[in-house]
Each structure stands twice: as structure tokens, then as C-alpha cells.
Amino acid sequence: KPILLQGHERSITQIKYNREGDLLFTVAKDPIVNVWYSVNGERLGTYNGHTGAVWCVDADWDTRHVLTGSADNSCRLWDCETGKQLALVKTSSAVRTCGFDFGGNIIMFSTDKQMGYQCFVSFFDLRDPSQIENNEPYMKIPCSDSKITSAVWGPLGEFIIAGHENGELNQFSAKSGEQLSNIKEHTKQINDIQTSRDMTMFITASKDNTAKLFDCTSLEHLKTFRTERPVNSAALSPIFDHVVLGGGQEAMDVTTTSTRIGKFEARFFHLAFEEEFGRVKGHFGPINSVAFHPDGKSYSSGGEDGYVRIHYFDPQYFEFEFEA
């Protein structure tokens, strides 16, 4: 039986475990940032200050700081333990993605293209406080052609991998800002990018009904997982060759279709064989974000229904052998 986390009044936008996996951070289209104990679903606290929907959240590697990006045109840095706001970076449009590099010293975030503003990726070095104080990132990369809808740091913090509204993927160097490579394997918007535990591969979730596996460094396309509906989020298991996908319809179309319960399943695929081997029902609406616990023994999903569910796997899951 899953643990139900009820801490949001609006649909979940992202959920993220810290590196140890003892904490789960959840953000939604309300201004609240919640942190929970993943073991029992108890709420540890909130980070209060945003005034709009929060699109993204990240914690650094030793869970000292939390980073959030919001539609209130700000990216904020928090003290994880006390909930105190440490820094606020004002932007000219909504912050769509954000992340710490592996060392936790450099943050990157991307802003939306809206109201006459271009889409930008900004990089701040937290070791130099003047950058945040003066709102002067050490690097700001404009992204004119198609806005960034999802982005993550690559291995060793050398570059970021960005997914775009038109389905393109590219790498931007975190040192020089130049575009290192660019590929287009998806036909529609990339909703989510998550890296593998060892940062060698990443998986993308796209509106074109597929999730795809790529090599982080070469961007070589390795695998494709096909479904009948837009994929909102995809995550890689840290211990097995398993992928979990979460999706459903666009939020706009939800009310126009019949309410068949269990339409909104988390779907499990085998990484190597690209075959689906299981589904987990539960959400009364599309799943917007999925994440595996770093120990691989549980996973969580956050839905359009505003709930986060933590699922612990049955013993059968660990003994399960894939019959090819």
C-alpha cells in the first residue's frame, strides 16, 4: 500500500529525492515547497516565500541547500535544515528548470520565453556571493530558437543537457557556454530529463509518447520506450535495468475524457528489451513526475491530482526475472 503525501493544493510539478534518499522534496503549482521523510511520509517542513507556481526543485549533494525555481520570476536558494531563504535571484520570466552541479557550488537555471523575453540559461557560482547580490551570473546563454523545457547537469559538472520545446537535445558547456552538440530524436516537447545514478546515461520523457535513453557524453541514442500517451516523466532504477514512466493526457484534455480509474498508471519497462512488464495504478489524473529512491527499493510519483505517492516494491519485484 502506497504512502500518500497530501501537502499540495495544486498539481505536482516535480518531485526529487536527495542523494541519500532519506528526504523527498515536492513542488507544485502552488507556492509551497515541501520536504518529507521518505521512509514514513511524515512532513519535515516547508520552504515559504514563493508567490507563484513552483516549477522545479533540486538539492545539493550533501543536502545542505535547496534550490527552487518559480513562475513568480525568481530562483531561490534555501537552507535545507532551517528552511531559511539564503538567496533570491530575480528573473524577467518564469524559471522552468534548475539544478546544482555535482559539487554543489554552481547553480544553473533556465527561464521561459514569455512577454518579449528570450529563453536564457544562467550560471551562478555560489562561492562568489557578489554574483547573486548583483544578479550577475558568470554566464548567461541565450536560447533563441526553441525554449528549454527540461535541463540537467552532465557528469562532472562540465556541461548541462537541455531538452527543448521542439524535441531537440543539446549540451552547453558550463565553462564557455558554447553548444557542444545538438540532436533531435524526439518530434515533440521534452518534458523531463533524468540521469542514471552513475551519470553515464540519461532518459528523456516527451510529448511524442516516447521516452528515450541516451549516452550523457556523446548524446548517442540507445533505447526507446513507446506508449500511447504523452510521457511527462521518466526515471531510471539505480539497481535494476528498469525504467518507470509517468504520463497521461495534457492537463487541458483531462476533463473531456471518461474517468476510467487506473488510466493513469506508472509503467515499468525493461531497459534492455524495451518491453513493458508492469503497471501501478493510483493517481486520479496524469502523473507529472516520477523518481526512484536512490536505493532502488521504492519509487514515488506526483500527479495532476496534487498527491504524491511513495510505493515500496514487493519482495517479488526483487526476485523478478525478465523472460525474453
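The values are calculated or read from the model by the stated rules, or taken from the named source; none is laboratory data. Keep in mind that what you see is a predicted model, and the values were worked out from it rather than measured. In this analysis, Cβ positions are derived from the backbone assuming ideal geometry, glycine residues included, and neighbour counts consider all displayed protein chains. Keep in mind that these areas ignore ligands, DNA and RNA; they rest on the heavy atoms of the full protein, side chains included. Shrake-Rupley method; radii C 1.70, N 1.55, O 1.52, S 1.80 Å.
Odds and ends about this structure:
- Computed over the range 115-161, relative contact order equals 32 percent, with contacts defined as Cα pairs under 8 Å that lie 6+ residues apart.
- Accessible area of the chain divided out per residue, in Å², using a probe of 1.4 angstrom: 43
- Shape call, the range 134-185: gyration tensor on alpha carbons, a/c limit 1.5: oblate
- Under 5 Å from the amide H of SER289 lie the amide H atoms of GLY302, each residue being 5 or more positions distant or on a separate chain, with H modelled from the backbone and absent for Pro and chain starts.
- Pairs beyond 18 Å (Cα-Cα), from LYS175/LYS212; LYS147/LYS188; LYS113/LYS147; LYS147/LYS184; LYS184/LYS223: LYS175/LYS212
- Restricting the trypsin sites (Lys or Arg not before Pro) of the range 117-162 to loop positions (DSSP other than H, G, I, E, B) with no more than 13 neighbouring Cβ atoms within 10 Å leaves ARG127.
- Nonpolar atom fraction for the chain, defined as the carbon and sulfur part of the 1.4 Å probe accessible area, stands at 48 percent.
- Counting Lys and Arg as +1 and Asp and Glu as -1 over every other residue whose Cβ lies under 10 Å from the Cβ of ILE148, the net charge comes to 0.
- Separation between Cα centres of the range 84-155 and the range 210-236, rounded to whole Å: 25
- Sequence-distant contacts, meaning Cα pairs under 8 Å at least 6 residues apart, place the relative contact order of the chain at 13 percent.
- Note on percent of Cα pairs over 30 Å apart: of the candidates (1) 53; (2) 35; (3) 28, the value calculated from this structure sits at (3).
- Cα gyration tensor, the range 74-121 - rounded (a/c under 1.5), prolate or oblate: oblate
- Counting only DSSP H runs of at least 4 residues, each contributing -39500 (n - 2.57), and dividing by the residue count of the chain, the helix-based mean residue ellipticity at 222 nm comes to -500 deg cm²/dmol.
- Considering all different alpha carbon pairs of the range 90-164, the Kirkwood hydrodynamic radius works out to 12.6 Å.
- Candidates per GluC sites (Glu not before Pro) in the range 101-205, loop by DSSP, up to 12 other Cβ within 10 Å: GLU178
- Short-range pairs are left out: with C-alpha atoms under 8 Å and at least six residues apart, the relative contact order of the range 163-205 is 35 percent.
- With θ taken as phi - 60° and the Karplus curve 6.51 cos²θ - 1.76 cosθ + 1.60 applied, the whole-hertz 3J(HN,Hα) list for the range 271-286 is 4, 7, 8, 6, 9, 7, 10, x, 9, 10, 7, x, 7, 8, x, x Hz, x standing for glycine and proline.
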